[in-house]
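Undergrad: Structure below; questions to follow.
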Amino acid sequence: MFTIIIGEEGEYGRRLNKYLETHWRGALRLHSFTKPETLLAAEEPADCWILGEPFVQALQEAGRMTRDFRQRCIRLSGEEGGDAFCRYHSPAELLHRIEELQKNPAAASGGTVTGLYSPVFDPQLARLAASRMKPGDLYLGMEDLGGTQAGEKNMGDLCYYIGLRSEEITEHVRETVREEDGMWFVDSPQLYFDLLELSQEEYQWFFRRLKECRDYGDIYVGLGSGILSGLPLRGTFDHLVILDSRSHERRHLACGRIRQALESGAFRFDGSCESVYREDLLHEDIQ
């Protein structure tokens, strides 16, 4: 039995419900909600979610938009473009999208872990990572310096719970992240010393738990020189990106030497590695 939940406030939801009842081939269970708070209270499981923007926003605020959920969710929109389904298009198109989701359910495995390393402090490191990220991805700041103000949660706060190997570590991550354009960010601590308090085994445990929870897509980690040698690169990172520069000679030299060390096995890293020029990732007005 395939289960679909529709969350839509207006007449469109009722008409869509009727259309699916009439045109779906096979066993189908349909649930319709016209108020986001009713949907949140019901906590109904489903194979596919078709939701208007107020419902998506409510689920995001409630921390329910996990990676697995997003893969089974079709957003409704009054505008064309993007990955949402426009209400003014034929419902047959929507039916086709649902059938494709039924045939090819998204993979449930965790995403890849990519480290972005700068040999010198780069205030644009999180933005450089965002140029590669997609909605649902997570950025962890492990830079040498952070820009967070006193009282704001950051990666340093998470280090405390990682050291305890807290069973609620994924909850602590959700309490720490901030959202920008559908992507999730944990800011770097004010100084990287907080990151040095953990062992490599504790970091391995943390990344394993983070991938197993499937709350996020791919994971990006902004790395400074202070933490680079303290992380278990082997078995944790699938990919490393070294942020080179055309305009800074010493930075370019450092990047070349770091990459040579990685490829020689000095860090016991067995993933892939590439060098990119930061000037190619950022617009001229923020370089």
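Undergrad: Being under 15 Å from the mean Cα position of the chain (by Cα), small (Gly, Ala, Ser) and part of a loop (DSSP other than H, G, I, E, B) narrows it down to one residue among 147, 136, 141; which is it?
TA: So the residue among 147, 136, 141 that is under 15 Å from the mean Cα position of the chain (by Cα), small (Gly, Ala, Ser) and part of a loop (DSSP other than H, G, I, E, B) is 136.
Undergrad: Among the numbered criteria (1) open to solvent by less than 30 Å² (accessible area, probe 1.4 Å); (2) free of Cβ contacts under 8 Å to residues at least 12 places away in the same chain, which one does residue 133 miss?
TA: (2)
Undergrad: Does at least one position in the stretch 181-204 carry a residue that is open to solvent by 20 Å² or more (accessible area, probe 1.4 Å), within 25 Å of residue 278 (Cβ to Cβ) and in a helix (DSSP H, G or I)?
TA: Within the stretch 181-204 (the criterion being open to solvent by 20 Å² or more (accessible area, probe 1.4 Å), within 25 Å of residue 278 (Cβ to Cβ) and in a helix (DSSP H, G or I)), the answer is yes, since at least one residue qualifies.
Undergrad: Let me ask something else. I'm trying to understand the selection: among the residues of the stretch 205-225, which are open to solvent by less than 20 Å² (accessible area, probe 1.4 Å) and part of a strand (DSSP E or B)?
TA: Hits for the stretch 205-225 are 219, 221, 222, 223.
Undergrad: Another question about this same structure. Scan the stretch 175-199 residue by residue and report those that are at positive phi and among the charged types (D, E, K, R).
TA: Selection gives 181 alone.
Undergrad: Got at least one residue in the stretch 235-253 being out of contact with any Cys (no Cβ under 9 Å at 6 or more places or on another chain), over 23 Å from residue 140 (Cβ atoms) and small (Gly, Ala, Ser)?
TA: Yes, the stretch 235-253 contains at least one residue that is out of contact with any Cys (no Cβ under 9 Å at 6 or more places or on another chain), over 23 Å from residue 140 (Cβ atoms) and small (Gly, Ala, Ser).
Undergrad: Within the stretch 1-67, considering only helices (runs of 4 or more DSSP H) that don't extend past its boundaries, which have at least 2 residues that are within 21 Å of residue 86 (Cβ to Cβ), at pLDDT below 95 and acidic (Asp, Glu)?
TA: Qualifying helices (runs of 4 or more DSSP H): none found.
Undergrad: For residues in the stretch 226-264 being in a loop (DSSP other than H, G, I, E, B) and surrounded by fewer than 17 Cβ atoms within 10 Å (Cβ to Cβ), which is nearest to the chain's Cα centre (by Cα)?
TA: Restricting to residues being in a loop (DSSP other than H, G, I, E, B) and surrounded by fewer than 17 Cβ atoms within 10 Å (Cβ to Cβ), the top hit is 238.
The values are calculated or read from the model by the stated rules, or taken from the named source; none is laboratory data. Just so we're clear, the structure is a prediction, and the values are computed from it rather than from any experiment. Every residue, glycine as well, gets a Cβ built from its backbone with ideal geometry; the counts of neighbours run over all protein chains shown. Surface accessibility is based on the protein's heavy atoms, side chains included, excluding ligands, DNA and RNA. Shrake-Rupley method; radii C 1.70, N 1.55, O 1.52, S 1.80 Å.
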